[in-house]
Amino acid sequence: MLGRVLVQLVVVVMLLVFVSTALFVGRSRLRTTRSAWRRRLRAAAPITIVLVAVLLLNSVARQIVPDLSWIIDWNLTDPIHDLEGEFIIWLQAQATPSVTAYFSFMYIYGYVFLLVFPTIAYFALSETRPLRELLTAYTLNYTIGLVLYVFVIAYGPRNVMPELVDALLYDTYPQYQHLTRQVNRNTNVFPSLHTSLAVTVSMLAYRTREPYPIWNVVAAILGVSVAISTMYLGIHWAIDVVAGVVLAYVSVELASILVGRWSVSAWMGSRTLSLRTLWRR
Amino acid sequence: MNCDTTDHVDGIDRRSVLAAAGAGLSFSLSGCVDTVQSVVSDAEDDQISLSLVTVPDDGNRETVRIARHLEQNLEAVGIDVTIAWRSRSEFLKMVLIDHDFDLYVGRHPADFDPDFLYEALHSTYAEESGWQNPFQYSNPTFFDPLLEEQRRADGDERRERIKPVLRALAEEKPFDPICRPDEYRVANTRFDGWGDGHLATRRGYLGLESEADAERLHALVTDARPSQNVNPLSATVDEQGTITDLLYDSLGTLVVTEDDEGVAYDVEPWLAAEPWEWEPTDEIDASESVAETDETKTDADGMLTATVTLREDCTFHDGEPVTAEDVAFTYQFLKDTARGQSASPSPAPRYRGQVSAVENIEVEDDYRLRITVDAGTEVGERALTVPILPRHIWWNEIQDRIGDLENFRAPQGRWGLVETNSVSPIGSGPFQFESQSERTYLHLERFDDHFSRRDDVDLPEPTVDELRFTVDPGSTSSISRVESGDADVTSSLLEAHSISDIPDSSDVERLESPSWTFYHLGFNTDSGPCSKTSFRQAVTQLIDKERITEKMFYGHATPLSSPVTDEWVPDDLAWDGDDPVTPFIGTDGSLNVAAARAAFEAAGFRYDDDGRLRDRY
């Protein structure tokens, strides 16, 4: 079951990436990439290693986090529910089968595509800074998100609002539950990482609107759709989504401050330089 | 969670906590409801405030809906309600172990025999943690004698004796049964023989035949806990005990048969080689006693003794023989998991009712023992359904934990041994533990030396090499997996909303089984307004059980006025379209608020000018 859903996901996302690369990146950029890929890879390698390490740590930590959270026991489910009232119910009242299908597609496929495509698009730019900022922002999202997950326990609307029965993702498309529960715990809804990562991409797309003007528009539409989908499908509260947007903003700002601050090659260079001067003496 | 008075909420008005959190984010500070409440009632503003504990949707949508229904109606009568959402094991820990709640909504595992009420309500257990009396209900002069009398009787006489218990329960309301869900499961027709045994018990997984000689039986559970812990003593890991039933043998096994006349529940020999005969007890050898009190009853009046002969040459999964010593050890151990090494006995947080009936065990030789019960045959046989644990494993575990005898403590219901997942789950049952992966699966393998596989034993046997329980939290997706052949059966019962999704297909069999579990509202009768019977009665009148079964269970449930199976319910308590003792105040699901408020006033509470229910008279 999981295998089939995964294969489907990979095929659809690859198709989308292939088409978008042809449309947005263009042949000339790909041609220059062919000659410059070593340099760009070297520039992006340090942050890529950090991101991979954070993701690995994340997958391990998520086994422990829930136990830790229950010990800390800041359960925000009821306060969030009381605070934002019936917004999710109102949103779901707009449901039609085609809208549900659209948002389900966005939640699963749109989201993964939104995260994967910019790594390729930015890799195809001669300036590596957007790529490094993107990977740094991803890393920050996951790190800060995990810390918040440790402290806050909250169940999403689908878990505590039984009125929501019409447009729930897992009732309409039960197969996706196998996919999402591999990565998500049902107590980890604050903030919405789906939203924060999607909005991060949208914000960075705005910054790179010069090389990629159409992608800027597409990323904005996708980002907004993913954010709405999490609420429409009863997975996140509006407050989680707001927190996700804030997290995205913080991550993008921090990323632009941090990127370029430390350079591994420069650091290595200075080391070898000092060694050399030592040698000469 | 330790609710001592030096807790950090001490001296803080809960409302100021609320205010301080600005946007109204009230953290349930360590969940110490008692502390918070006493602080609240000292304040000027003393609206009654209750915490309602329940579990979230994944696999429990009906529970959530009942909790919301109750929350809405409690708020309507001017009571402040805070719902605390807890994962399944945290929920049970909060309710059963920590008793940290005012109200809870959940499913009770109950039992096929109404004697489960003994452990649920007897005042001896009011202070204990575990499935025994989580309501902390204590009524020793009135209730306890009734509970004791019913268990010493049998047949029609017992039926008469149980009536006053049920009537008193309906009045006193330490808990209120809401409804009994229809037990539906789906199975793939790849296997034959579904429904011969109840799928909540071991027999449901035995004796299954497949044409293609399938090697693996793939069952789905909505609950992740079996993939984490299979400790048979833990009160929080598995309500129904299905996994324990497969890993461990018991002397007798429950056989559920259904015919036109109704459902019959019989305990038949399992690890016992032949049927037992109950005979009046002559005398008790005090030295062998497993009685709970120091003064062993030497008066054997009314007690029954059975001589049980074990099947010979049975072994545990590690190859050690199963002997009468293991059986005797099991019953003593369940009564005191510290085996006398702790300052006070530390009974297991489950099987309390079953073992409390056992007065004495005499081991005659390796395979024969005499079990004396202070009960009739029905309750005596229920006592034979507890899992038999290997003495060599558990005795070692106790000794490892004792270390320093001077400082050894075994807090009842919560010490390491009864909670840990580190004790090897070795039993003698038809399947043995192979592996588990947290939140993903529990993998069992056939125990090839199990007695049911012997040629001269005519009992259903494990037919598959492997039995895997995979976690799938959604009933809807579970059904589609069974339909597609990806899984063979849903072991957990299906949620009511998914029953209409069961396809009309020749690949899928819909199984309906007799049910004894029920949804209920539990009260903490120890403190706060819930300690008043009149208040509890008024609260139960806010629940529209009929409407709940129609709207939330889509008709796949029966409203209950008594928590026992139908044949035990006296006519005057039978459901007659409404609860005969505490009917819902309102019609068609909508509460008659004025009348409900009047009921609380009649119960001795009063309203302030803002319509809030107040704690003071």
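The values are calculated or read from the model by the stated rules, or taken from the named source; none is laboratory data. Everything numeric here is computed off the predicted structure, so don't read it as measured data. Here the Cβ is made from the backbone with ideal geometry for all residues, glycine too, and neighbour counts use every protein chain on show. We work out accessible area using only protein heavy atoms, side chains counted, and drop any ligands, DNA or RNA first. Shrake-Rupley method; radii C 1.70, N 1.55, O 1.52, S 1.80 Å.
Figures for the structure shown
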item: Meets criteria (open to solvent by 40 Å² or more (accessible area, probe 1.4 Å) and assigned to a helix (DSSP H, G or I)) for residue A:9; result: no
item: Counted residues, region B:480-501 - those being assigned to a loop (DSSP other than H, G, I, E, B), more than 25 Å from the chain's Cα centre (by Cα) and within 13 Å of chain A (Cβ to nearest Cβ); result: 3
item: Condition met for residue B:511 (under 24 Å from residue B:552 (Cα atoms), open to solvent by 10 Å² or more (accessible area, probe 1.4 Å), away from every other protein chain (no Cβ under 12 Å) and hydrophobic (A, V, I, L, M, F, W, C)); result: yes
item: Test: residue in region A:184-196 that is farther than 16 Å from residue A:231 by Cα, modelled with pLDDT of 80 or more and assigned to a helix (DSSP H, G or I); result: no
item: Any hit, region B:104-123, residues being of a type in the set (S, T, N, Q) and assigned to a loop (DSSP other than H, G, I, E, B); result: no
item: Among the candidates B:428, B:480, B:437, residue that is hydroxyl-bearing (Ser, Thr, Tyr) and either surrounded by fewer than 17 Cβ atoms within 10 Å (Cβ to Cβ) or outside the structural domain of residue B:251 (by TED's automatic domain parsing) (or both); result: B:437
item: Candidate set from region B:448-464 (those that are out of contact with any Leu (no Cβ under 9 Å at 6 or more places or on another chain) and part of a loop (DSSP other than H, G, I, E, B)); member that is surrounded by the most Cβ atoms within 10 Å (Cβ to Cβ); result: B:450
item: Test: residue in region A:119-129 that is assigned to a helix (DSSP H, G or I) and β-branched (Val, Ile, Thr); result: yes
item: Some residue of region B:73-92 being within 14 Å of chain A (Cβ to nearest Cβ), open to solvent by less than 30 Å² (accessible area, probe 1.4 Å) and charged (D, E, K, R); result: yes
item: Residue among B:377, B:420 that alone is in contact with a strand residue (DSSP E or B) (Cβ under 8 Å, 6 or more places away or on another chain) and among the polar types (S, T, N, Q); result: B:377
item: Extreme residue, farthest from the other protein chains (Cβ to nearest Cβ), among residues of region A:58-91 that are free of Cβ contacts under 8 Å to residues at least 24 places away in the same chain and among the hydrophobic types (A, V, I, L, M, F, W, C); result: A:90
item: Residue match in region B:599-606 (condition: in contact (Cβ under 8 Å) with a residue 40 or more places away in the chain, within 27 Å of residue B:110 (Cβ to Cβ) and of a type outside the set (Gly, Ala, Ser)); result: no
item: Residue in region B:531-549 that is in a helix (DSSP H, G or I) and touching a Phe, Trp or Tyr at 6+ places or on another chain (Cβ under 6 Å) present; result: yes
